[in-house]
1. Considering only the range 9-42, state which residues are open to solvent by 60 Å² or more (accessible area, probe 1.4 Å) and in contact with a Pro (Cβ under 7 Å, 6 or more places away or on another chain).
2. Mind checking which residues of the range 236-257 are in contact (Cβ under 8 Å) with a residue 24 or more places away in the chain and either aliphatic (A, V, I, L, M) or part of a helix (DSSP H, G or I) (or both)?
3. Restricting the search to the range 43-61, which residues are among the β-branched types (Val, Ile, Thr) and either touching a helix residue (DSSP H, G or I) at 6+ places or on another chain (Cβ under 6 Å) or surrounded by fewer than 16 Cβ atoms within 10 Å (Cβ to Cβ) (or both)?
4. Checking VAL112 against (1) in contact with a Phe, Trp or Tyr (Cβ under 8 Å, 6 or more places away or on another chain); (2) modelled with pLDDT of 95 or more; (3) open to solvent by less than 60 Å² (accessible area, probe 1.4 Å): exactly one of these is not met. Which one?
5. Is one or more of the residues making up the range 62-77 part of a loop (DSSP other than H, G, I, E, B), open to solvent by less than 30 Å² (accessible area, probe 1.4 Å) and not β-branched (Val, Ile, Thr)?
6. Just the residues that are within 28 Å of GLU153 (Cα to Cα) and among the acidic types (Asp, Glu), please, taken from the range 76-109.
7. Report the residue count in the range 29-49 for those that are closer than 24 Å to ALA98 by Cα and among the small types (Gly, Ala, Ser).
8. Quick check, is GLU154 closer than 19 Å to SER77 by Cβ, without any contact (Cβ under 8 Å) to a residue 60 or more places away in the chain and either part of a helix (DSSP H, G or I) or open to solvent by 20 Å² or more (accessible area, probe 1.4 Å) (or both)?
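The values are calculated or read from the model by the stated rules, or taken from the named source; none is laboratory data. Being a predicted model, the structure only gives us computed values, none of them experimental. Cβ placement follows ideal geometry from the backbone for every residue including glycine, while neighbour counts extend to all protein chains displayed. Accessible surface is based on the protein model in full, side chains and every heavy atom, while ligands, DNA and RNA are left aside. Shrake-Rupley method; radii C 1.70, N 1.55, O 1.52, S 1.80 Å.
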Amino acid sequence: MGQATARVVGREHAVVLCDVRQDRLDTAAAVLRDDGITATPVHCDVTDPQAVDRLFKETAGIGELASVIHTAGVSPSMGSAEYVMRTNAVGTVHVNEAFLRTAGAGAAIVNVASMAAHMLPAEMVRTNLFARALTDLDGFLSEMLATCDAFPEEGRSGIAYALSKSFVKWYSAAQAERFNARGLRIVSVSPGSIDTEMGRLEEQAGAGAMVADAAVPRWGTPEEMAELLAFCASAKASYLTGTDILNDGGVIASMTERARAAAETQ
């Protein structure tokens, strides 16, 4: 999704690409170059605050920062609950707080959440715990992992994913006023099952069945997500902030309505 979005954004802006894996970063830059888009690759691990700070310093040397589209994230099949939580939630704090410190008025940041953030029971979305991320990031991580530990080991990465993306969704709404005080916008987008390498990793873990039962019964494409992400970051969306946009092909709508109808028949 990040590469597809860079292709859209690169039509009008200079692009900086980031990735924790140098090989993937070099490949993405080469693909974009073949499409006529020059992108500056910067190796960055979003779980390392010093690396994120270096990223923003390097970006400042290229020009005025217009937007950040934060697509870095991992899925349950890619690692432990701690790896998922540290990448998705802690990484989001590092990138967004660095953006807040350095971006000029009019800039926007778009975070990638997930339809999984719309599926957790409300009692699991502990906003008092989420708020701790702003004052005690290590304590926040420990508490989030303790929540995951209450579940069977085989399900902890999945719970960590849903919780971490719920945090991304919460943060992008809860911090809107703070960002607005600096003249900045913050938005999150929640993709459904997207036809990417990471997305397909979750096909056998339940994503395939959800796609089949969705209002739009197919996988979304990176290009469809890219157009939305680029729009949210653009001046065309200058009134859009503090909200999440669910782009899931109707999965959550279908699940909600079916649950309502089933409850009525009981």
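1. Passing the criteria: only ASP26.
2. Passing the criteria: ALA237, LEU240, ILE245, LEU246, VAL251, ILE252, ALA253, SER254, MET255.
3. Hits for the range 43-61 are VAL46, THR47, VAL52.
4. Only one criterion is unmet by VAL112, namely (1).
5. The first filter runs over the range 62-77 and keeps only residues part of a loop (DSSP other than H, G, I, E, B), leaving 62-66, 71-75.
Restricting the remaining residues to those that are open to solvent by less than 30 Å² (accessible area, probe 1.4 Å) gives 73-75.
Next cut, not β-branched (Val, Ile, Thr) only: 73, 75.
Scanning the range 62-77 turns up at least one residue that is part of a loop (DSSP other than H, G, I, E, B), open to solvent by less than 30 Å² (accessible area, probe 1.4 Å) and not β-branched (Val, Ile, Thr).
6. Filtering the range 76-109 down to residues within 28 Å of GLU153 (Cα to Cα) leaves 76-94.
Residue satisfying the conditions is GLU82 alone.
7. Final tally of qualifying residues: 2.
8. yes
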